[in-house]
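Novice: Below is a structure I'd like to ask you about.
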Amino acid sequence: MANSTTKPHRSNWMLPSCAVLLVVTVYFSMAFWAEDTEFFASVLFVAPALILVSVALIVCALTRGARQKSTALLSTVLALWLTAIAMFLLVSKYDFAMRTTARWLIWSRSYKAQVLAQPHPITGEFKHIEWDGWGFAPVGDTTVYLVFDPSDSLFAAARGGLPGKFYGIPCAVPEVSRLEKNWYVARFYTDQDWDHCD
């Protein structure tokens, strides 16, 4: 008798839980693998899919006779939408930080090898590679560089979070963030890059 009461309760939460897990996975995947403009373009494809799934679940809930199954399907629709809205707000605010953290955790060894393989710059600038970027024609491009700072002189700039002109970086930058000792990402102002400063 105990089994007959727990089984329907468990099945009522299985579909909404799977829906939440799916939405979280999709949004985190988009944040980790897509640049900012690609993330918002991806959302344009996710929203119609979410609407179609929701409509299908609502139609199933209305045409099914069992009240428990209808409740589970409607709960799934609610869970889908609440999770999608929450994830959109979270990811749109923190996507660069999440993408940077994930990329550094997964591929830092490869990125370090690319940077360290470069010849020593004669000008005293830091070794660097392009790390990330976003933007489009009317607004302009924003470029972010992975920077190797052997003396860790950028530590104070990263901790303070203030914009400025820092030794080893040719342009003034709005932000420097520390990944680990000696490794930083430097975000340049829009329409500037390592070779083109105002």
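Novice: Could you look through segment 78-107, keep only residues that are surrounded by 15 or more Cβ atoms within 10 Å (Cβ to Cβ) and of a type in the set (S, T, N, Q), and pick out the one that is nearest to the chain's Cα centre (by Cα)?
Specialist: The extreme case among them is Thr100.
A quick yes/no check of all residues on (1) modelled with pLDDT of 85 or more; (2) over 19 Å from Val26 (Cα atoms):
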| site | (1), (2) |
| --- | --- |
| Ala86 | no, no |
| Leu89 | no, no |
| Lys127 | yes, yes |
| Trp134 | no, yes |
| Val139 | no, yes |
| Ser151 | yes, yes |
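Novice: Considering only segment 108-119, state which residues are farther than 21 Å from Ser153 by Cβ and either touching a Ser or Thr at 6+ places or on another chain (Cβ under 7 Å) or surrounded by 12 or more Cβ atoms within 10 Å (Cβ to Cβ) (or both). Can you show your working first?
Specialist: Initially, segment 108-119 is screened for residues farther than 21 Å from Ser153 by Cβ, giving 109-110, 113-114, 117.
Hit for segment 108-119 is Gln114, nothing else.
Novice: Could you check segment 159-186 and list, in sequence order, the residues that are assigned to a strand (DSSP E or B), among the small types (Gly, Ala, Ser) and out of contact with any His (no Cβ under 9 Å at 6 or more places or on another chain)?
Specialist: Gly164, Ala172, Ser177
Novice: Among what's in segment 120-151 and is surrounded by 14 or more Cβ atoms within 10 Å (Cβ to Cβ) and charged (D, E, K, R), pick the residue that is farthest from Trp194 (Cα to Cα).
Specialist: The extreme case among them is Asp149.
Novice: Would you be able to tell me the number of residues in segment 131-158 that are without any contact (Cβ under 8 Å) to a residue 60 or more places away in the chain and assigned to a strand (DSSP E or B)?
Specialist: Final tally of qualifying residues: 10.
Novice: Moving on to the next point. From Val20, Val46, Val55, Val59, grab the single residue that is among the hydrophobic types (A, V, I, L, M, F, W, C), surrounded by 16 or more Cβ atoms within 10 Å (Cβ to Cβ), at pLDDT 70 or above and farther than 30 Å from Gly140 by Cβ.
Specialist: Selected residue: Val20, the only one of Val20, Val46, Val55, Val59 that is among the hydrophobic types (A, V, I, L, M, F, W, C), surrounded by 16 or more Cβ atoms within 10 Å (Cβ to Cβ), at pLDDT 70 or above and farther than 30 Å from Gly140 by Cβ.
The values are calculated or read from the model by the stated rules, or taken from the named source; none is laboratory data. Not measured: the values here are computed from a predicted model. Here the Cβ is made from the backbone with ideal geometry for all residues, glycine too, and neighbour counts use every protein chain on show.
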